[in-house]
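Quick notes on the structure that follows.
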Amino acid sequence: MATLKILMAADERLKKVAQKVEKVDLSVQKIMDDMLETMYKTNGIGLAATQVNIHQRIVVMDISFDENGNGKKPMYFINPEITKRGKELNVYQEGCLSLPNIFDDVERPATCTVKALDYNGKAFTLECDGLLATCIQHEVDHLDGIIFADHLSRLKRNRILTKLQKCKKRKEYSQEIFNY
Ligand code: GNR
Ligand code: NI
């Protein structure tokens with residue numbers, strides 16, 4: 001297994017639309033293993049392949065583990081599609097591994113249904129609510145080149161991007177795992 005470098009906003013590569021996976025083979029499983037390791041290492045609850053500069057429709061998530069890394073329940077979503085969005089909206093203070101130290105309220109449907117393939121390429125459908133619903137919508141956005149700041153006002157988004165540019169220049173968050 002290997003840890004992968006995470007792209008940071010406003011890297012243009014975060015805006016690419018990811019391609020559908022044609023076949024869930026060993027190479028795709030290796031990508032998922034590496035993404036999961038990278039996600040646990042950075043204490044993220046989700047990671048989209050786009051964030052590690054792999055432009056395929058692959059997402060890993062785990063909303064179960066605690067601060068000691070106990071109770072891990074990894075979830076894998078290949079070619080995830082949100083087939084239904086609930087009418088009710090929910091506001092959640094979101095964060096993103098590609099926008100370190102930035103947190104802001106994002107409004108999204110409180111519930112959704114997601115269709116995807118699992119680690120073995122088997123199709124499944126999952127009804128999501130709470131953090132799971134928020135997180136899967138955040139991850140599918142990444143696959144479509146969208147970051148959570150794109151859901152905020154232009155003023156807020158510009159403020160965030162300016163702040164990240166300055167951090168990049170000062171190499172404030174420069175760690176091995178981040179690609180800046
Ligand atoms: O670790 C993460 N936490 C989080 C919190 C609220 C809403 C979404 C997320 S996803 C984020 C990891 C990440 O950047 N995934 O793309
Ligand atoms: Ni993110």
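The values are calculated or read from the model by the stated rules, or taken from the named source; none is laboratory data. Predicted model, so just to flag it, every value in this text is computed and none were measured. Cβ sites come from the backbone with ideal geometry, for glycine too, and all protein chains shown count toward neighbours. What goes into the accessible areas is simple: the full protein's heavy atoms, side chains included, and nothing from ligands, DNA or RNA. Shrake-Rupley method; radii C 1.70, N 1.55, O 1.52, S 1.80 Å.
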So for the stretch 59-66 (the condition being over 22 Å from residue 145 (Cα atoms), open to solvent by 30 Å² or more (accessible area, probe 1.4 Å), near ligand 1 (Cβ under 10 Å from one of its atoms) and not in a strand (DSSP E or B)), does at least one residue qualify?
yes
Between 91, 140, which is outside any strand (DSSP E or B) and out of contact with any helix residue (DSSP H, G or I) (no Cβ under 8 Å at 6 or more places or on another chain)?
140
Please specify each residue of the stretch 32-58 satisfying the condition of being assigned to a helix (DSSP H, G or I), open to solvent by less than 30 Å² (accessible area, probe 1.4 Å) and not hydroxyl-bearing (Ser, Thr, Tyr).
32, 34, 35, 36, 39, 49, 51, 52
Which condition number in (1) open to solvent by 10 Å² or more (accessible area, probe 1.4 Å); (2) of a type outside the set (Asp, Glu); (3) within 11 Å of ligand 1 (Cβ to nearest atom); (4) part of a loop (DSSP other than H, G, I, E, B) is the one that residue 70 fails?
(3)
So, in the stretch 80-95, how many residues would count as being under 22 Å from residue 119 (Cα atoms) and surrounded by fewer than 16 Cβ atoms within 10 Å (Cβ to Cβ)?
2
Filtering the stretch 6-35 down to residues that are within 15 Å of ligand 2 (Cβ to nearest atom), at pLDDT 95 or above and in contact with a strand residue (DSSP E or B) (Cβ under 8 Å, 6 or more places away or on another chain) yields 6, 18, 35
Of residues in the stretch 96-128 being without any contact (Cβ under 8 Å) to a residue 24 or more places away in the chain and not acidic (Asp, Glu), the one least open to solvent (accessible area, probe 1.4 Å)
128
Give the residue that is most open to solvent (accessible area, probe 1.4 Å), with candidates limited to residues of the stretch 129-172 that are modelled with pLDDT of 95 or more and among the hydroxyl-bearing types (Ser, Thr, Tyr).
153
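Only one of these is open to solvent by 20 Å² or more (accessible area, probe 1.4 Å), touching a residue at least 60 places away in the same chain (Cβ under 8 Å), more than 11 Å from ligand 1 (Cβ to nearest atom) and not charged (D, E, K, R): 18, 10, 2. Name it.
Checking each option against the conditions leaves just 10.
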